[in-house]
Amino acid sequence: MPTSQIAPFRLLRWFAGLSAIVIVLIAWANAWVVSSFLADHLFQREAAVSRDFVQNVLVSDGSINYLTHPDDPELQRSFYKSIEHLSKMHDVLRTNVYGRDKLMLWSTTQSLVGQRFDDNDELVDALQNELVVHAGRITPEIRPKDEYAGLSPRANYFMEIYIPVTLPGTGEVVGVVELYKAPLALTQAVQEGDREVAVAAVVGALALFLSLFWLVRRADRTMREQHTQLLEAETMAAIGELASSVAHNIRNPLASIRSAAELSLESPEDHGAESARDIIGDVDRISARITELLRLSRTGASAIQPTDMVALLQDCVADHQNTFRRRQQELVLDSQVTQAVCTVDAHLLQQVLHSVLANASEAMPDGKRCQIRVSEASRKTVRIEVSDSGAGITPEVLKDVFRPFFTTKPQGLGLGLPLAKRIVEGFGGQMTIDSQPGVGTTVRIDLPKA
Amino acid sequence: MPSILIVDDEVTFAKNLAKYLTRFGHDVATAATVADGLQLFRSRSPDVLVLDYRLPDGTGMDFIEQVRATDESVHIILITGYGTVELAVDAMKAGANDLLTK
């Protein structure tokens with residue numbers, strides 16, 4: 001008997017893998033966002049402090065006036081002195097000073113003085129009174145540049161700040177000081193912040209993963225226990241049904257045998273021959289039922305191979321034609337396809353069709369018609385429909401027809417349809433029944449194409 | 001002598017039981033389904049009803065309920081191939097007078 005092999009879903013393993021990936025990704029993303037926010041915030045603060053310092057230095061000694069009176073040599077001397085002082089501040093690598101007309105007035109790189117920088121967007125923004133900050137890592141690739149010479153290896157960030165210089169009172173921008181810095185203290189603060197954020201992310205992720213893992217493991221264990229209990233309950237129920245069915249199907253003929261034997265003993269001349277015939281009939285019935293029971297538990301090797309359903313159905317119709325003819329019933333095959341190959345055990349599928357056709361014939365009065373239709377339900381599915389024009393099945397009975405040992409036939413064991421469904425599902429197919437009392441019944445078998 | 005109606009789809013058993021009871025002078029009729037049994041019950045009004053639990057078109061319980069709706073006096077014996085305490089209790093509640101195992 002073929003059975004469909006569905007791999008069990010390993011909830012705990014899947015959860016452990018997927019949740020670990022998701023939690024790590026979320027923790028990393030959160031840490032990156034927090035770290036970036038902190039670093040940006042620190043750089044902005046550093047730039048603001050630098051702006052205040054530059055503004056105060058230039059205002060306090062009055063040298064800021066040079067930017068509005070560039071021709072005054074006294075102011076120029078004072079201004080140059082202040083800027084030189086600024087350019088020698090700790091962490092400052094380069095200093096440039098621009099006038100309102102974007103002309104460079106002073107620079108640590110003397111060759112740039114006197115040049116105009118019309119295309120410098122940052123300068124344009126700063127002249128609009130905007131504090132412009134650019135920050136980034138000093139990567140190993142750019143560290144060998146001259147401007148980083150003598151820089152502490154621990155200074156890992158650079159900052160380029162365009163500071164608008166404004167006249168006190170009016171707030172008018174009269175020039176821009178550009179500072180290029182490698183702030184060591186800030187680097188240390190950012191790195192420390194990164195470390196703490198990373199530790200918090202790892203601890204948070206671990207705590208989240210472990211608590212969820214514990215919960216899911218417990219849920220998984222509970223589900224397994226409940227599944228086992230359910231299986232045990234189903235097994236016990238099945239055993240109970242089997243015992244009831246066997247008792248009914250064996251003890252009934254035994255009761256008939258006993259009654260026939262008792263009658264025969266009491267008046268052998270009157271009932272001897274008839275009782276003997278009854279006994280033989282009932283013994284045969286018991287034997288047939290035991291055979292059917294054994295067939296249910298048969299585990300012999302099945303011969304699954306690609307089989308043409310059209311050819312198989314033609315053989316099946318030929319085999320059953322006489323049975324239907326004896327009752328003046330008609331059995332026809334309506335083939336919508338010339339060939340439909342499915343991977344099945346032909347012998348087992350014939351058993352299924354035998355069971356379905358026997359039911360159809362029994363359900364129909366003499367002279368009625370049964371049709372077998374084979375078609376393509378979809379690109380991947382072959383559909384076989386057996387439709388009879390019999391009495392039909394009531395909804396109450398229909399819901400139980402696939403239940404083992406359920407039968408409405410006096411001599412039935414209740415295993416034909418459950419066995420047929422099990423066989424079809426073993427081939428990866430489905431078996432369903434539609435019925436309308438008084439109109440007829442359609443048994444539908446869907447099988448995957450080979 | 002009391003008349004008896006046997007309703008059992010086990011035809012041989014019903015036939016032999018009928019023969020056996022006939023010898024004692026009972027008027028015995030047999031049916032194999034609930035529908036036939038009810039028809040005979042209404043036409044013959046037997047004194048004793050011997051009912052199998054499992055019938056092709058219903059159960060002995062269904063039969064008892066329909067009979068007891070109109071007849072309180074008939075003596076009903078339920079017979080089954082597989083008797084349980086639960087079935088015996090249910091049968092008594094439904095109106096059977098006795099439960100016998102085949």
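The values are calculated or read from the model by the stated rules, or taken from the named source; none is laboratory data. Here the structure is a predicted model, which is why all the values come from computation and not from measurement. Note: ideal-geometry Cβ built from the backbone for every residue, glycine included; neighbour counts use all protein chains shown. For the accessible areas, the whole protein counts, side chains as well, though only heavy atoms, and no ligand, DNA or RNA atoms are used. Shrake-Rupley method; radii C 1.70, N 1.55, O 1.52, S 1.80 Å.
All but one of (1) exposed (fewer than 14 other Cβ atoms within 10 Å of the Cβ); (2) of a type in the set (A, V, I, L, M); (3) over 15 Å from A:Val443 (Cβ atoms) hold for A:Leu312; state the number of the condition that does not hold.
(1)
Each row is one residue, and each column tells you yes or no for (1) under 18 Å from B:Leu55 (Cβ atoms); (2) open to solvent by less than 50 Å² (accessible area, probe 1.4 Å); (3) in a helix (DSSP H, G or I).
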| residue | (1), (2), (3) |
| --- | --- |
| A:Ser361 | no, yes, yes |
| A:Pro365 | no, no, no |
| A:Arg373 | no, no, no |
| A:Val382 | no, yes, no |
| A:Ala391 | yes, no, no |
| A:Glu396 | yes, no, yes |
| A:Asp400 | yes, yes, no |
| A:Thr407 | yes, yes, no |
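Tell me the residue from A:Ala207, A:Ala247, A:Ala255 that is open to solvent by less than 80 Å² (accessible area, probe 1.4 Å), under 30 Å from B:Lys19 (Cβ atoms), modelled with pLDDT of 85 or more and assigned to a helix (DSSP H, G or I), please.
Criteria check complete, one pass: A:Ala255.
Sort through A:Leu127, A:Leu123, A:Leu86, A:Leu75 and tell me the only one that's touching a helix residue (DSSP H, G or I) at 6+ places or on another chain (Cβ under 8 Å) and touching a residue at least 40 places away in the same chain (Cβ under 8 Å).
Details: A:Leu127 fails: touching a helix residue (DSSP H, G or I) at 6+ places or on another chain (Cβ under 8 Å); A:Leu123 fails: touching a helix residue (DSSP H, G or I) at 6+ places or on another chain (Cβ under 8 Å); A:Leu75 fails: touching a residue at least 40 places away in the same chain (Cβ under 8 Å).
Result of the check over A:Leu127, A:Leu123, A:Leu86, A:Leu75: A:Leu86.
Taking A:Ile280, is it surrounded by 13 or more Cβ atoms within 10 Å (Cβ to Cβ) and either within 14 Å of another protein chain (Cβ to nearest Cβ) or within 48 Å of the chain's Cα centre (by Cα) (or both)? Walk me through it before giving the result.
Details: surrounded by 13 or more Cβ atoms within 10 Å (Cβ to Cβ): no; either within 14 Å of another protein chain (Cβ to nearest Cβ) or within 48 Å of the chain's Cα centre (by Cα) (or both): yes.
No: the conditions fail for A:Ile280.
Under 8 Å between Cβ atoms, which residue pairs at least 6 apart in sequence (or on different chains) link something in region B:12-27 that is at the interface with another protein chain (Cβ under 8 Å from one of its Cβ atoms) with a partner that is at pLDDT 90 or above and part of a loop (DSSP other than H, G, I, E, B)?
Pairs found: B:Leu17/B:Asp8.
As an exercise: evaluate A:Ile257 against (1) away from every other protein chain (no Cβ under 14 Å); (2) over 34 Å from the mean Cα position of the chain (by Cα) and give the number of the one condition it does not meet.
(1)
List the number of the failed condition for B:Val85; all other conditions in (1) free of Cβ contacts under 8 Å to residues at least 12 places away in the same chain; (2) open to solvent by 40 Å² or more (accessible area, probe 1.4 Å); (3) more than 14 Å from chain A (Cβ to nearest Cβ) hold.
If we test B:Val85 against (1) free of Cβ contacts under 8 Å to residues at least 12 places away in the same chain; (2) open to solvent by 40 Å² or more (accessible area, probe 1.4 Å); (3) more than 14 Å from chain A (Cβ to nearest Cβ), just (3) comes out false.
Does region A:384-405 contain any residue that is at pLDDT 95 or above and within 34 Å of the chain's Cα centre (by Cα)?
yes
Would you check if there is a residue in region B:59-66 being within 8 Å of chain A (Cβ to nearest Cβ), crowded, with 18+ Cβ neighbours inside 10 Å and under 22 Å from A:Leu254 (Cα atoms)? Can you show your working first?
Of region B:59-66, the ones within 8 Å of chain A (Cβ to nearest Cβ) are none.
Within region B:59-66, none of the residues are within 8 Å of chain A (Cβ to nearest Cβ), crowded, with 18+ Cβ neighbours inside 10 Å and under 22 Å from A:Leu254 (Cα atoms).
How about region A:103-196: which strands (runs of 3 or more DSSP E) wholly inside it have at least 2 residues that are in the same structural domain as A:Leu67 (by TED's automatic domain parsing) and in contact with a Gly (Cβ under 9 Å, 6 or more places away or on another chain)? Write out each step before concluding.
Values: elements: A:104-107, A:132-137, A:157-166, A:173-181.
Output list reads A:104-107, A:157-166, A:173-181.
Taking the residues in region B:41-58 that are more than 14 Å from chain A (Cβ to nearest Cβ) and surrounded by fewer than 17 Cβ atoms within 10 Å (Cβ to Cβ) as candidates, determine which candidate is farthest from A:Ala363 (Cα to Cα).
That would be B:Asp47.
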